[in-house]
Structures are given as C-alpha cells and as structure tokens.
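Novice: I'd like to ask you about the structure that follows.
The values are calculated or read from the model by the stated rules, or taken from the named source; none is laboratory data. If you're wondering where the values come from, they're calculated on a predicted model, not measured in any experiment. Neighbour counts run over all protein chains shown; Cβ positions are idealised from the backbone, glycine included. To get the accessible areas, we keep the full protein, side chains included, count just its heavy atoms, and leave off ligands, DNA and RNA. Shrake-Rupley method; radii C 1.70, N 1.55, O 1.52, S 1.80 Å.
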Amino acid sequence: MQDHKLKVFLCHASQDKPIVRELSQRLNSEGWIDAWLDEAKLLPGQDWRSIIEEAVETSDVVIVCLSNHSVNKEGFVQKEMKYAKEIALEKPEETIFLIPLRLDDCAVPRGFRLLQWADYFPEKREDAYRALLQSLRLRYQQKVQPDGKGNAFQRDEVGEISNGHPDNIERNTASQIRPHNEAINISREFPPSIPRTPTLEGEDKASRGANTLDTYSRKGHLDPIQNRRRFSKWVSWTLVAFLILALAVIVAAVTSYMAYGRNIQYEGYINGANNARAQAQNLTDPVEQRKAWENVLIDVEHAESVYKTSETSALRNEANANLDNLLGITRLQFSPAFSTNLGITVSRMAASETDLYLLNAETGAILRAEFTNGRGFQIDTSFSCAPGVYGGYTVGPLVDILAMPALNSINATVLGIDAAGNLLYCAPNQVAQAIPLPPPDTNWNRVTAFVLDSGNLYVLDAMSRAVWVYTGMDGTFVDRPYFFFGGQTPEKQDVIDLLVVGDELYMLHSDGHLSNCSYSRIETKPTQCTDPATLTNPFPAYQDTDLFGTAHITQIFGSAPPDTSLLLLSADDQAVFRITPRSFELQNQMKPASIGTSSPVPAGPVDSMTVAPNHVLYLAIAGQVYFATGMP
C-alpha cells in the first residue's frame, strides 16, 4: 500500500539539535507527517552523506532551520541547504518545498529571502508551529490531491498518465490511437455550385483541388489558368490575414506575459528588501545590522533593474543613512570645479584660499585655476610654470607641488620640485624662478615628494631611504640639509608620500601602511621610528572586516589647523580617512554624497586630493576636479 504521509526533511546545524529534536517529535505526533531527523533515521555503518542527500531528494518538504549556528557555520549543513535549493528548482512554481524557519534572530541568507519565513522563537513558538502546520497541510493536499478529487495522478510504464485507475490506461490508449488505414473524408465546395469530383484513396488535397477546378473549367464556367490564379489569390490573402491575426495575438500575449513577469520580479525583490529592512531594525549587533542593510541595497538594486519607484528610492536612502551611521561615514556635497573636462591626469594639487594649482602628470607643468564668483574655477591661461631653462638652471618635469605661505621673499604662490632637487617658484603675472636645492652629502637619487612645515622643507628621496631637512628662511633654502633619521636609516625604499607635523614624521608606503618617526633634538636620545604604525578602527560594525587592509591608500595630507588630523586618501573607494595623529584611531570617513549617474561625481578612482586652509576638500577624478566646502 502506498505511503501517503508527508515526508519532511529537517535541515539544521548540530548545535540546534535539541530544539530540532523537539520539533521533529511534534511533527511526527500529527500522524500524517514523517519527519526525517538524522539521529533517528541513520543506521550504524551507513554512508551518511549519500543517505542525507537521498532523503533531501525524496522529501516532499524541506524545513530549513536557520540560526546563527547554521547561517555562519561552514560544513555539511551549507551543502544541505544548497542541495535543497537545487531540488526546489525542479519543482512546479506553486509547490511548497522550502520552508525557512528561524530559530533565533539571525540574518536570513540571500537564497531564502524571497520565501516567507516563520520565527520559531520561544515567545512565538506556538503561533509559528500553527503557521508551519498550515503550510504543511497545503503541501500535503498538493501531494495526495493534485486533481482536487482525491485521486493522485500516477505515471504508467509507457509514460501515459492515468487518474488512479489501472484500467484507464488501456481505455485512454485505445481511444487516442486511430488505425493508419482509416479513411478521413473531407470535402468542401469552391465555389458552392461546383459539383464534387470523386477522389481516389490516398490522393492528396492539392490534387483533389486541382481536379475540381479542371472539372469546373471543362463545363465551360472558367478558363483553367484564370481560375487557378483566382484560387491562388484567395489562398494568399486568406493566409496573410491569418498571419496578421496570429501575430497580433502573439504580440499581445508576449507583452502581457512580460509585464506580468516583470511585476512578479519587482514584487519579489521589493519584498526581500522590506524583509531585510524589518530584520535590520530588530537587530542589535552592529555587524548583523550592517549586513542586513547591505542586503536591503542588494535587493533594491535588483528591484530597480525592473522598475525604479519612489519606494525603492526611499529604501535606498534609508539603508545608506543607516550604513553611514554604523560605519562613521560623513557625506559631503561635491561640485565640479570646471565647466568642461580638462583632459589631463592631475597627479598632485595644492590650494590657497582663492587659488587651486594642478600638476599635469604628463607634462610635469603646473596649472593655476582661480575662483570665479562662487560658481567654480577657470584656468588662468596666462600663468606659466613648466619645465624649462630659467637663469641657467634646467628644471625637469615637476614631481610635486605645494602652496607657499603668503609672506615669502620671492613672492611666489606655488612651489614645485623636480626629481633632481630643483625648485621652481611661480606666481601669477611674473616669470618663474628656478633655484636648485643644495644637494645632500650622498647626492640625489630621485626626489619623489616634499612637504613644508613651520618654514622648513622636508624632501623625500625614497630610493636612498632618506628624508632631508632644509631650514627655511623666508621661503628660501640655501643651507645644506641634515638627515632626519640621524643614525637610524629606514629599511624600506617603498615610501610614496610624507607628512610632517612638528617633530612627527608620517610616511605612507606603497602597500598602504603607515610608519611614524619622532624626531629627537637630544643627542643622547635617538630619533625613534615605528613601522608599521597600527591604525585602529573603533566602529563595531567593522569587527569582521579589515577596512584599512582592503583600502588602496595613495596619499597622505594634513587637515587645516587648529585641529590637525591625518588625512588618508583611499583612492578606489573615493574616501578620505580622518586619523588622529598620535593614537592612529579612525575618526570618520568623508565621501561624496552619492556616486554615479545621479551625482556630479563619477565612479572611478581618485587621482589626487588636497585641502585648502579654509577647509575646502578637492578631489581630482578623470580629468575633472570636484570640491566640497565646509569639511568638518
């Protein structure tokens, strides 16, 4: 006798065995449910992997017991869930096969978020069990009563479907098969007055039509050729009309189907986003909250690939606002500095309160842009500050630039340096002036960066593992330099940028890590360096991720006084990390308010950044500069 019990597989993590065991006992006590639990079904010596896979495949329903144990656990439970999802794809769309059942306040995996789940929590357990039984009863009806009459459809040996009665197979087969030699006599008059012409058995319809026309013609009614032309014309127009009608029906059906399908897709994604949103609001763990809000954005993105609505926009804004709060992100409203793209790569920038200077990476020349009535900037075409010969000194392509203090003996507004240590002083409406730096004792290898602090110039020669310090006098540097590190030489040659704040030197390495050296003015106490300097992230939502390890940090800068902080450019993320100088703790991140088609800031890496004394942040991206005022 066929077993009509509903076969239910309980997919769970071993840590959840007590509660799943209790659920299995309750289900089996119903009488019409056969709950499959490994500890009750597996026998000693059996290949448990193959037995479990077979149990999943032959089950009518798989209850996926979700918890922080099963969701975050690596092992066979993940394979069980994946295999159950694969089996579900083979089921008819209306079949209830997978039922997610949350045992605790865990995040629902993406593959199950489009399915309605039940919360089998202690305070909701009875309500959840009643809802679970309703789903199982519906699945039971689908199993044993698919035709609505209590007769389960079965498939016979030759593939014919019988309605629960073995003798129906023979009757159905006999009624559906005709003998091959049975005559099918179809006749039609055209025109109606044409007498029927006897036809031979096996003669095709085209021959009968031709004989009829010939008979009609021989009686003197029509010329045979003219009659065939009329007949062909009638058939052609009839066929055209039929095809037009059929095409219209097909187009209407496809359009309706596609519209219906798109609506189903949209509803699925938007329901998933709302479920993730409700989950995020109920969670207390910052990491889980972050993941839930990220899931909202994923589903919103999929929903907007079908329809973009006010609901998706509201969900996106809410999710982004909550993520920014969890991750310590401050959004700044950037505007394009220029009306058109400059068509150059800007490798370095420097800014005063009124002017912006750009270093062209291809030519090594400095461009000056002046602020215009609050609307942006325009290039000063009369400004000249480029490689060349000045007073007998040859200046090569500039590698770095900085804005000069307002008071200096040369009245320069911007200072550039080339790889050989030649300085180029420039200002609007005056000829550039070149002054070579006195070379160090070891001579130059290649200058790659420099920085000005308290009137002194610090020059980086990374290949020589050296930072040379020039004591300044009204913006000029005529004395020979001293070695910042004293008797201690750094081990690495991979420094790409530097910042000096007082006696503290911060060096950015090519792999994105920082090192820090404290200059000692006491001969008995040498300069001390820490490499690497450990960056700390106090935001708990980052506990499972390494923010700094995954960032592509390409530049270091100092924020404007009085609250000087370290600013690290994470180029690929379009983010600027604000770091405290001594504890190296993340204070916040600054990012554009939005990126992409709805924002003036395009997606893509940042080429360079700078900060003006009046707290204006500049980012150079793909030949354009974007600025945000009021940087915190």
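Novice: Name the shape class, rounded, prolate or oblate, that the alpha-carbon gyration tensor gives for the range 27-140, where a ≥ b ≥ c are the square roots of its eigenvalues, rounded holds for a/c under 1.5, and otherwise prolate holds if a/b is larger than b/c and oblate otherwise.
Specialist: rounded
Novice: Give the peptides 16-27, 498-509, 389-400 in descending order of average Cβ contacts within 10 Å, highest first.
Specialist: Descending mean neighbour count gives 498-509, 16-27, 389-400.
Novice: Let me cross-check GLU267: its accessible surface, 1.4 Å probe, with only protein heavy atoms counted, in Å² to the nearest 10?
Specialist: 90
Novice: Listed highest first by mean packing, meaning other Cβ atoms within 10 Å per residue, what order do 440-449, 464-473, 567-576 come in?
Specialist: On the way: 440-449: 16.1, 464-473: 19.1, 567-576: 21.2.
Highest-to-lowest ranking by the protection proxy: 567-576, 464-473, 440-449.
Novice: Work out, in µm²/s and without decimals, the Stokes-Einstein translational diffusion coefficient of the range 345-406 at 25 °C, 0.890 mPa s, Rh from Kirkwood over C-alpha pairs.
Specialist: Details: Rh = 12.5 Å.
Reported coefficient: 196 µm²/s.
Novice: Another question about this same structure. Assuming R0 = 22 Å, what is the FRET efficiency of LEU297 and LYS79, from their Cβ-Cβ distance, to the nearest 0.05?
Specialist: So the FRET efficiency works out to roughly 0.20.
Novice: Per 0.36 nm of contour for each residue apart, how much would the distance between ARG465 and PHE121 grow if the chain were fully extended, relative to their Cα-Cα spacing? Please list the in-between numbers first.
Specialist: Details: separation 344, 0.36 × 344 = 123.84 nm, distance 6.18 nm.
Computed gain between ARG465 and PHE121 is 117.7 nm.
Novice: Take the residue pairs LYS7/LYS79; LYS82/LYS124; LYS85/LYS308; LYS79/LYS291; LYS91/LYS308; LYS17/LYS143 and return only those whose Cα atoms are more than 26 Å apart.
Specialist: Checking Cα-Cα distances, LYS82/LYS124; LYS85/LYS308; LYS91/LYS308; LYS17/LYS143 exceed 26 Å.
Novice: Between GLU30 and SER14, what is the label-to-label distance in nm when each label sits 7 Å out along the Cα-to-Cβ direction?
Specialist: Computed distance between label sites GLU30 and SER14 equals 2.9 nm.
Novice: Taking every eigenvalue of the Cα gyration tensor of the range 239-391, multiplying by 5 and rooting it, what semi-axes result, largest first, whole Å?
Specialist: Taking √(5λ) for each Cα gyration eigenvalue gives 51, 30, 13 Å.
Novice: With the cut-off at 16 Å, report for the range 470-582 the share of all Cα pairs above it, as a whole percent.
Specialist: 66
Novice: Charges on Cβ only, +1 for Lys and Arg, -1 for Asp and Glu, centred on the Cα centroid of the range 347-445; of LEU359, VAL395, ASN445, which one is farthest towards the dipole's positive end?
Specialist: LEU359
Novice: Right, another one. Please give the solvent-accessible surface of LYS124 in Å², to the nearest 10, using a probe radius of 1.4 Å with every protein chain present.
Specialist: Rounded to the nearest 10, the figure is 90 Å².
Novice: Now for a separate question. What is the local net charge at ARG578, summed over the other residues whose Cβ is closer than 11 Å to its Cβ (Lys, Arg +1; Asp, Glu -1)?
Specialist: -2
Novice: When only alpha-carbon atoms count, how far does the range 37-92 stretch along each of its three principal axes, as whole angstroms with the largest first?
Specialist: 32, 30, 15
Novice: Between ASP441 and ALA533, what FRET efficiency comes out of the Förster formula 1/(1 + (r/R0)^6) with R0 = 35 Å and r the beta carbon distance, rounded to 0.05?
Specialist: The pair ALA533/ASP441 has a calculated efficiency of 0.75.
Novice: Show me the three semi-axes of the equivalent ellipsoid for the range 545-601, from the C-alpha gyration tensor (sqrt of 5 times each eigenvalue), largest first, rounded to whole Å.
Specialist: 22, 15, 9
Novice: Any chance you could get the radius of gyration and Dmax over the Cα atoms of the range 534-632, in Å?
Specialist: 13.5, 39
Novice: Next question. For the pair ALA248 and THR330, how long in nm is the line joining their label points, each one 7 Å along Cα→Cβ?
Specialist: Output for this residue pair reads 6.6 nm.
Novice: I need the shape label for the range 330-381. Rule: rounded when a/c is under 1.5, else prolate if a/b > b/c, else oblate, with a, b, c from the alpha carbon gyration tensor.
Specialist: Details: a/c = 1.64, a/b = 1.38, b/c = 1.19.
Prolate, since a/c reaches 1.5 and a/b exceeds b/c.
Novice: Stokes-Einstein D for the range 299-347 at 4 °C, 1.567 mPa s, Kirkwood Rh over Cα pairs, in µm²/s?
Specialist: 93
Novice: On average over all directions, what projected area in square nanometres does the range 506-567 have, based on the convex hull of its Cα atoms?
Specialist: 6.0
Novice: Using 0.36 nm per residue of separation minus the Cα-Cα distance, give me the extension gain between ALA603 and THR545 in nm, one decimal.
Specialist: That works out to 18.6 nm of additional length.
Novice: For the range 303-403, what ratio Rg/Rh do Cα atoms give with a Kirkwood hydrodynamic radius?
Specialist: Numbers: Rg = 20.8 Å, Rh = 17.3 Å.
Ratio value, two decimals: 1.20.
Novice: Quick one: check the C-alpha center-to-center distance for the range 410-455 versus the range 320-351, whole angstrom.
Specialist: Measuring centre to centre over Cα atoms gives 29 Å.
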